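A.B. asks: Questions regarding the structure given below will be posed in turn.
The values are calculated or read from the model by the stated rules, or taken from the named source; none is laboratory data. Given the structure is predicted, the values throughout are model-derived calculations rather than measurements. Using ideal geometry, Cβ is built from the backbone for each residue, glycine included, and neighbour counts are taken over all protein chains shown. Only protein heavy atoms, including side chains, enter the accessible area calculation; ligands, DNA and RNA are left aside. Shrake-Rupley method; radii C 1.70, N 1.55, O 1.52, S 1.80 Å.
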Amino acid sequence: MEQRRLILIIALGFVLILLWQAWLGENSSPAERSNVAQTTEQAAGNDRRADDLPSSGGPSSGGSGGDVPSAAGGGESNSSAATDRVRVETDVLSIELDPNGGVIRQADLLDYPVELDRPDEPVRLLQDSSGFTYIAQSGLIGTKNAPAPDHHATFQLEQPVYRLADGESVLKVPMTWEEDGIRVTKTYLFKRGSYAVDLRYRVENTTDAEWRGQQYRQLTRSGSTPGMQLMHTYTGGAYAGTPPGGGDRLNYEKIEFDEMAKIKLQKDLQDGWAGIIQHYFMSAWVPSTPEQVNQYYTLRSQNDGFTVYSLGLISPVTAVAPQSTETLESILYVGPKIQSKLDPLATGLHLAVDFGILTVISEPIFWLLDFFHDWVGNWGWAIVLVTMVIKLLFLWPSAISYRSMARMRAVTPKMQALKERFGDDKQRLSQEMMKLYQKEKINPLGGCLPILIQIPVFIALYWVLVESVELRQAPWILWINDLTQKDPYFILPLLMGASMFLQQKLNPAPVDPMQKKLFQWLPVIFTVFFAFFPAGLVLYWFVNNLLSIIQQAIITRRVEKQMAAQKGSS
């Protein structure tokens with residue numbers, strides 16, 4: 001019984017950890033909850049220096065020894081020129097594009113409101129406002145100071161606004177740059193219903209000499225300094241790819257902003273991606289040619305007086321013969337971490353959805369949730385069905401536990417008599433208790449089995465709710481309009497507490513007075529804890545309790561009849 005009490009306290013500790021995380025999530029500062037932009041301000045100039053450009057060494061050259069070009073690809077920098085941003089509108093994205101470098105400085109996700117009560121205010125994933133930067137940069141670097149437009153060069157665009165018209169599937173946004181006989185057309189291609197944006201560089205060499213240069217793509221963001229968290233969703237850089245000649249062995253790594261400040265990443269990989277991930281959303285650059293080796297790199301630079309960090313990749317040198325043209329391509333993903341859309345885009349991109357150490361349990365749970373959601377069309381009912389499946393899988397070990405508890409309940413009067421007889425002699429009491437357990441075929445730890453089984457499933461489901469953007473702002477019924485948030489009226493936690501109280505009545509009453517008081521208060525304590533948990537998690541626990549009550553009541557009645565029959569026959 002003492003071991004049982006210890007196990008319950010450990011389980012309670014897990015719940016406390018999750019509660020602490022939930023509380024921190026509700027009370028984090030706007031800067032930490034970076035997926036929600038508070039304000040939009042025009043950047044006061046573009047005072048960026050050459051330290052935010054990668055070395056032109058590139059793959060297989062060690063990343064050093066190349067020339068770092070000046071801000072406009074060898075010419076005078078135009079990055080501080082006062083230019084107006086160009087707006088791009090599709091059915092799912094609202095983009096602000098800077099003619100200086102063709103940099104995407106703002107990206108709103110139109111299908112994802114910040115809050116349910118603010119449906120017209122979309123999540124702003126990329127932004128460049130006072131004090132905070134999160135932008136997508138790209139450019140070309142010419143070798144040996146060959147003219148090339150980096151992300152400081154000024155491009156020319158034909159119109160101030162581009163919109164995806166009804167009936168169109170692709171929106172093209174071309175911009176041009178020209179210097180010393182090298183003409184570059186940088187084109188973004190936005191597709192209907194897609195968060196993946198194609199980027200194309202068309203390099204026209206009208207000179208009599210060969211042009212050589214490299215394409216780079218990088219995401220630049222201010223570092224985050226969240227407060228102390230025991231379990232928090234990751235915000236930072238991540239990249240994946242296979243080593244050159246390394247077969248199919250995928251190399252996936254996270255790299256936090258603090259690491260970027262200490263270690264300068266230079267790694268050659270192919271068939272991969274580089275991105276910045278956060279709660280529910282992400283951005284990533286994906287090479288269009290998987291077999292091509294790119295060098296992945298990090299940079300630390302200054303922007304308007306504060307430090308920003310860049311994670312990107314630079315391609316091998318491309319040669320453009322005199323009087324000829326070459327095209328360089330890439331893909332930029334800016335959007336939610338929808339698992340079904342990430343894998344087809346790049347190898348290992350689904351790893352951005354991080355279920356933690358219990359991924360082996362979380363992934364099947366999500367797959368099952370997604371399957372039932374396709375069937376019933378409601379994530380809440382999908383959780384109910386998944387709970388039933390999980391209960392069915394553990395039906396046999398639960399039955400063993402409930403039989404043991406039913407037998408223990410039946411012999412509780414005998415246990416109480418032993419306590420009254422040997423209460424002053426702890427060693428003798430333990431010996432007599434063990435004899436009674438052996439005689440009645442009782443496992444004193446059997447009642448802990450359902451709790452032990454539920455703990456990993458509970459935590460795995462917690463991470464599924466926390467990490468899966470598919471469930472974000474997903475309603476169930478009536479007052480539950482977001483399964484990833486707490487019940488606004490605390491009805492589900494109260495029902496869960498009532499079910500826990502009812503289930504406790506089926507269990508044997510503890511002999512120890514201290515344990516008895518603890519068990520009496522457990523439903524109240526759990527109700528208070530669960531009041532702040534995601535409603536989907538409370539729904540799972542509540543349905544699981546109801547199913548457990550039904551199973552335990554049936555088994556208890558059957559065991560009591562069997563023991564009564566055995567007693568009558570003897």
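A.B. asks: Take peptides 378-385, 152-159, 249-256 and line them up by average Cβ neighbours within 10 Å, highest first, as a rough protection proxy. Mind showing how you got there, number by number?
C.D. replies: Numbers: 378-385: 20.8, 152-159: 17.5, 249-256: 14.6.
So the peptides 378-385, 152-159, 249-256, ranked by packing, come out 378-385, 152-159, 249-256.
A.B. asks: What whole-number value in Å² describes the accessible area per residue of the stretch 177-228 for a 1.4 Å probe? Walk me through the numbers on the way to the answer.
C.D. replies: Values: 2010 Å² over 52 residues.
Accessible area per residue: 39 Å².
A.B. asks: If you don't mind, another one. For the pair ALA319/ARG428, report the inter-label distance in nm, with labels modelled 7 Å from Cα in the Cβ direction.
C.D. replies: 9.8
A.B. asks: Kirkwood Rh, the stretch 86-173, all Cα pairs: how many Å? Walk me through the numbers before you get to the answer.
C.D. replies: Numbers: mean 1/r = 0.0680 Å⁻¹.
About 14.7 Å, per the Kirkwood formula over Cα pairs.
A.B. asks: What nm value, rounded to one decimal, do you get for the distance between GLU363 and ARG118 when each label is placed 7 Å out toward the C-beta?
C.D. replies: For the pair GLU363/ARG118, the computed spacing is 3.6 nm.
A.B. asks: Using 0.36 nm per residue of separation minus the Cα-Cα distance, give me the extension gain between TRP396 and GLN159 in nm, one decimal.
C.D. replies: On the way: separation 237, 0.36 × 237 = 85.32 nm, distance 6.78 nm.
Length gained, TRP396 through GLN159: 78.5 nm.
A.B. asks: Still on this structure, please answer the following. Please give the peptides 183-192, 278-287 ranked by average Cβ packing (other Cβ atoms within 10 Å per residue), highest first, as a rough proxy for protection. Please list the in-between numbers first.
C.D. replies: On the way: 183-192: 19.0, 278-287: 23.6.
Going by the mean number of other Cβ atoms within 10 Å, highest first, we get 278-287, 183-192.
A.B. asks: Report the label-to-label distance for ARG212 and SER301 in nanometres (one decimal), using points 7 Å from each Cα along the Cα→Cβ vector.
C.D. replies: 2.4
A.B. asks: So, one more: In the structure shown, do any of LYS186/LYS262; LYS172/LYS341; LYS254/LYS391 have a Cα-Cα gap over 26 Å, and if so which? It would help to have the intermediate numbers written out before the result.
C.D. replies: Values: LYS186/LYS262 34 Å; LYS172/LYS341 22 Å; LYS254/LYS391 35 Å.
In this structure, LYS186/LYS262; LYS254/LYS391 exceed 26 Å between Cα atoms.
A.B. asks: Follow-up. Tell me the per residue accessible area of the stretch 118-169 using a 1.4 Å probe; a whole number in Å² is fine. Numbers along the way, then the final one.
C.D. replies: On the way: 2270 Å² over 52 residues.
Each residue of the stretch 118-169 exposes 44 Å² on average to a 1.4 Å probe.
A.B. asks: Run the accessible area of the stretch 116-180 with a 1.4 Å probe and give the carbon-and-sulfur part as a rounded percent.
C.D. replies: Exposed carbon and sulfur together represent 44 percent of the surface.
A.B. asks: Summing Lys, Arg as +1 and Asp, Glu as -1, what charge do residues with Cβ under 15 Å from the Cβ of VAL376 carry, VAL376 excluded?
C.D. replies: On the way: positive: none; negative: ASP370, ASP374, GLU470.
After counting each charged neighbour, the total is -3.
A.B. asks: Then there's this: Could you give the accessible area per residue of the stretch 275-324, probe 1.4 Å, as a whole number in Å²?
C.D. replies: Computed with neighbouring chains in place, this is 28 Å² per residue.
A.B. asks: So how much slack lies between GLU326 and GLN473, counting 0.36 nm per residue of separation and subtracting their Cα-Cα distance, in nm? Don't jump to the answer; show the numbers that get you there.
C.D. replies: Values: separation 147, 0.36 × 147 = 52.92 nm, distance 4.53 nm.
My answer for the length gained is 48.4 nm.
A.B. asks: Where does each of 485-491, 461-467, 349-355 land if you order them by average Cβ count within 10 Å, highest first?
C.D. replies: Values: 485-491: 16.6, 461-467: 25.4, 349-355: 20.9.
Going by the mean number of other Cβ atoms within 10 Å, highest first, we get 461-467, 349-355, 485-491.
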